[in-house]
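Have a look at the structure below, then the notes.
The values are calculated or read from the model by the stated rules, or taken from the named source; none is laboratory data. None of the values given here were measured: they were computed from a predicted structure. Here the Cβ is made from the backbone with ideal geometry for all residues, glycine too, and neighbour counts use every protein chain on show. Calculation scope for accessible area: heavy atoms of the full protein, side chains included, ligands and nucleic acids excluded. Shrake-Rupley method; radii C 1.70, N 1.55, O 1.52, S 1.80 Å.
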Amino acid sequence: MPANFPEIWESRVITLLTTSDVAPWLDNIPELDTDVYTLGENTATEKNIIHIPIETFSPDVLINNTTYPIEVQEFEDGTVQLTLDKYQTKATSISDDSAMGASYPKIDSATRGHRRQINTTKYKKAAHAIAPAANTASTPIIELPDNYTANDVYQAMVSVKDGFDKNEIPEDNRRFVMATDHYNKLLTDRERFGNLLVDHNTGKVNQQIAGFHVFTYVSNPKYSATTKAKLAWGAIADPEDKVGSFAFYVDNIGKKTGNTKQYFSPAASNPTTQTNLLNYRHYFIAMPVQNKAIGAII
């Protein structure tokens, strides 16, 4: 690490990636209690892996997951090997003045775009992983009618609650992450929901509906208008496809933050541009532990 770009930069970014811009609907979900191992470090095939006891992390969920092809290997000692997702930013140029020193305002300003893009992508992917893939008895998906009303949204949430109840999911720690379309529809009925959902002094969501702690998110997954199945991660949605609000039981969600690495090329190595180059690599995963205690309305 060059003298004018101290290791405190990397430490600061690692701290902010795990404490700032956090999706509130993932707050207070503990990290999986397992060590992260790095395979092929500093190569193009570098991976972060974790070993999870089968009785803790259901292999059926890993097989059924549709968010990304998760690499899983079962071991004879009763564990599965899970590969964390890798997030990399493209290199950006930073002037010597910005790279000099280690004041937090300077570091935060220079790295804000990298942190924001990593967090935005990993939380969007987490939302996609947690939302159910298809309607089953254990993963209810309730379809809203065309030209739905606030009451339709509420009744759909109650139907998801009924599905959770029938599967004997504990009533505490249920969360509903509302798509903005669905949440805004509730707000149009100010008498029943508008005053209930929003603290008008802060504008923040602060209440519950149908036993769910309510959150909102702007990047919820999409569902096919024809099959009602969740679109694959990265698929281009048709204009007729529907956004989903998803529900989950907190204790059924596993997440793990892996390593964060900083890459830096000093200006002295770039005589034609005379600028420093900087980017980051970050590993993370969040998904259901079992293929139950999740639901959605679309």
Quiz item: Based on the Cβ-Cβ distance from THR180 to ASP97, what FRET efficiency comes out when R0 is 30 Å, to the nearest 0.05?
Solution: 0.15
Quiz prompt | Tally of Lys pairs whose C-alpha atoms are under 12 Å apart, taken over segment 143-298, 8 or more apart or cross-chain | solution = 5
Quiz item: Once phi is turned into ³J(HN,Hα) by the Karplus curve 6.51 cos²θ - 1.76 cosθ + 1.60 with θ = phi - 60°, what whole-Hz value does each residue of segment 80-95 show in order, with x for glycine and proline?
Solution: 10, 9, 10, 9, 6, 6, 10, 10, 10, 9, 6, 5, 10, 8, 10, 5
Quiz item: When the chain is fully extended, how far beyond the present Cα-Cα distance does ILE236 get from VAL158, taking 0.36 nm per residue of separation?
Solution: 25.0 nm
Quiz item: How big is the Kirkwood radius of segment 119-186, worked out from every pair of different alpha carbons and given in Å to one decimal?
Solution: 13.4
Quiz item: Of GLU168, GLU46, which has the most accessible area with a 1.4 Å probe, and how do the rest follow in descending order?
Solution: GLU168, GLU46
Self-check item: Extension reserve of the SER109-THR121 stretch, reckoned as 0.36 nm per residue once the Cα distance is removed
Solution: 2.4 nm
Exercise. Taking all protein chains together and a probe of 1.4 Å, list ILE14, ILE294 from the most accessible to the least accessible.
Key: ILE14, ILE294
Exercise. Order these peptides, 215-224, 272-281, by their mean beta-carbon neighbour count within 10 angstrom, highest first.
Key: 215-224, 272-281
Quiz prompt | Cα→Cβ-extended label distance, 7 Å offset, between THR226 and ASN28, nm | solution = 4.3
Quiz prompt | Residues of segment 162-298: accessible area per residue with a 1.4 Å probe, Å² | solution = 48
Quiz prompt | Accessible-area order (highest first, 1.4 angstrom probe) of the listed residues ARG12, ARG115 | solution = ARG12, ARG115
Quiz item: When the chain is fully extended, how far beyond the present Cα-Cα distance does ASP172 get from THR136, taking 0.36 nm per residue of separation?
Solution: 10.7 nm
